[in-house]
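Chemist: Here's a structure for you.
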Amino acid sequence: METTVSDICVFMNEYASLTYAEKWDNPGLLLGHVEAPVHKIMVALDLMPEVAEQAIEEEVDLIITHHPYYFHLPSSLAVTDTKMEVMYELIKHDIAVYAAHTNLDAARGGVNDVLADRLGLNDVTEIPRKDCPEQGLARIGVLGEPMELKDFAAYVRDQLGAAHVTFAGGEEPVFKVAVVGGSGADFMDDAMAAGADTLVTGDVKYHVAQKALNMGLNLVDGTHQLTELPVIAHLEDVLTA
């Protein structure tokens, strides 16, 4: 039997259940015929025009992205911008689009487990989440040995392949680290409650950093993109297997 779009949707929901997604999110199948055959899959962080162009050139049947192409569906299908132009090109080439976003952040073996592994954290556990008690999203673990904050920030930079990272904190050494790939400053209180001395995430704003300093929590901003990017290669391996 041929593998279909529907088969991949079932597999992805087993791997990263849609029930794990935040209420504001829009994961799942966003474009395509559910019974269309799938022979080639492309995995990407975002569905950018160049990603769509490559998918067309490579005769891909399905694109799986981390970020949904639309968080809020447009009220019109008229081609009035680049995003809709991309959609029309994908439709013309029978390419389906699936997104696994905050459900993949939370899933076992998803964004935050992969990030924790990339940073060498041990004894990694989930941080409970009120809105989804059956599956936490953030992760927390410990380093092999304590590090000074500036040294840990440099370590994060190197592990993520960043040109630089920004960080804020005090003089306390880094040992118990929480991670939230992407934009995870909203999890600062949960990280503190779980006993973290440091949170690694992205998109940290000035006043958020000030709040963290007042809380006594170290922050390392590894950027939205680079804290999520490691899951893409991992997802490729999972789909290949």
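The values are calculated or read from the model by the stated rules, or taken from the named source; none is laboratory data. Just so it is clear, the model here is predicted, and its values are computed rather than measured. Neighbour counts are summed over all protein chains in view; Cβ atoms, including those assigned to glycine, are modelled from backbone coordinates with ideal geometry. The area values use the complete protein model at the heavy-atom level, side chains included, leaving out ligands, DNA and RNA. Shrake-Rupley method; radii C 1.70, N 1.55, O 1.52, S 1.80 Å.
Chemist: Springs between alpha-carbon atoms under 10 Å, Gaussian network over the chain: tell me which of H66, H33, H207 tops the mean-square fluctuations.
Modeler: In the Gaussian network model the winner is H207.
Chemist: Relative to the longest principal axis of the C-alpha atoms of the chain, give the angle of the C-alpha long axis of helix 230-240, reported between 0 and 90° and rounded to the nearest 10°.
Modeler: The angle comes out at about 40 degrees.
Chemist: If you place +1 on the Cβ of every Lys and Arg and -1 on the Cβ of every Asp and Glu, how big does the dipole about the Cα centre of the chain come out, in debye to the nearest 20?
Modeler: So the dipole magnitude of the chain works out to roughly 620 debye.
Chemist: Among A44, Y69, I127, flag the residue with its Cα farthest along the positive direction of the charge dipole of the chain, charges on Cβ as +1 for Lys/Arg and -1 for Asp/Glu.
Modeler: I127
Chemist: Give a residue-ordered list of calculated ³J(HN,Hα) values for region 139-145 (Karplus: 6.51 cos²θ - 1.76 cosθ + 1.60, θ = phi - 60°; whole Hz; x for Gly, Pro).
Modeler: 10, 9, x, 10, 6, x, 7
Chemist: To the nearest 10 degrees, how steeply does helix 82-92 sit against the main Cα axis of the chain, on a 0 to 90 scale?
Modeler: Tilt of helix 82-92: around 50 degrees.
Chemist: By a straight-distance test (C-alpha under 21 Å), which lysines pair with K176 as possible cross-link partners, with residues fewer than eight away in the same chain excluded?
Modeler: K150, K211
Chemist: Rounded to a whole number, what is D in µm²/s for region 141-203 from Stokes-Einstein with the Kirkwood radius over alpha-carbon pairs (10 °C, 1.306 mPa s)?
Modeler: 132 µm²/s
Chemist: What are the ³J(HN,Hα) couplings of region 9-22, residue after residue, when phi is run through the Karplus curve with 6.51, -1.76, 1.60 and θ = phi - 60°? Round to Hz, x for glycine and proline.
Modeler: Result, ordered by residue: 4, 4, 4, 5, 5, 6, 6, 9, 4, 5, 5, 7, 6, 5 Hz.
Chemist: Using the heavy atoms of the protein chains alone and a 1.4 angstrom probe, what is the accessible area of the chain per residue in square angstrom?
Modeler: Ligands and nucleic acids excluded, the result is 51 Å² per residue.
Chemist: Expressed as a whole percentage, what fraction of the accessible surface of the chain belongs to carbon and sulfur atoms when a 1.4 Å probe is rolled over the protein heavy atoms? Intermediate values should be presented prior to the final figure.
Modeler: Numbers: 6460 of 12270 Å².
Answer for the chain is 53 percent, counting heavy atoms of protein chains only.
Chemist: To the nearest 10 degrees, how steeply does helix 206-215 sit against the main Cα axis of the chain, on a 0 to 90 scale?
Modeler: 40 degrees
Chemist: Explain nothing, just compute: Karplus ³J(HN,Hα) = 6.51 cos²θ - 1.76 cosθ + 1.60, θ = phi - 60°, for every residue of region 70-77 in order, whole Hz, x for Gly and Pro.
Modeler: The phi angles translate into 10, 7, 10, 5, x, 7, 9, 9 Hz.
Chemist: Of all the C-alpha pairs in region 1-157, what % are more than 19 Å from each other? Can you show the working numbers first?
Modeler: Working: 7433 of 12246 pairs.
When every Cα pair of region 1-157 is considered, 61 percent fall beyond 19 Å.
Chemist: Let me have the relative contact order for the chain, percent, based on Cα pairs under 8 Å that are six or more residues apart.
Modeler: Worked out over the chain, it gives 17 percent.
Chemist: Which GluC sites (Glu not before Pro) in region 53-142 pass both tests, a DSSP loop state and at most 11 other beta-carbon atoms within 10 Å? If you can, show how the numbers build up before the last one.
Modeler: Working: sites: E53, E57, E58, E59, E85, E89, E126, E134; in loops: E58, E59, E134.
Taking region 53-142 and a limit of 11 other Cβ atoms within 10 Å, the loop GluC sites (Glu not before Pro) found are E58, E59, E134.
Chemist: A further question on this structure: Please find, in a Gaussian network model of the chain (springs between Cα atoms separated by less than 10 Å), the residue of I91, I64, I41 whose mean-square fluctuation is greatest.
Modeler: The residue with the greatest mean-square fluctuation here is I91.
Chemist: Something else now. Would you mind getting me the FRET efficiency between S183 and E2? Use the beta-carbon distance for r and R0 = 35 Å, nearest 0.05.
Modeler: Result of the calculation: an efficiency of 0.35.
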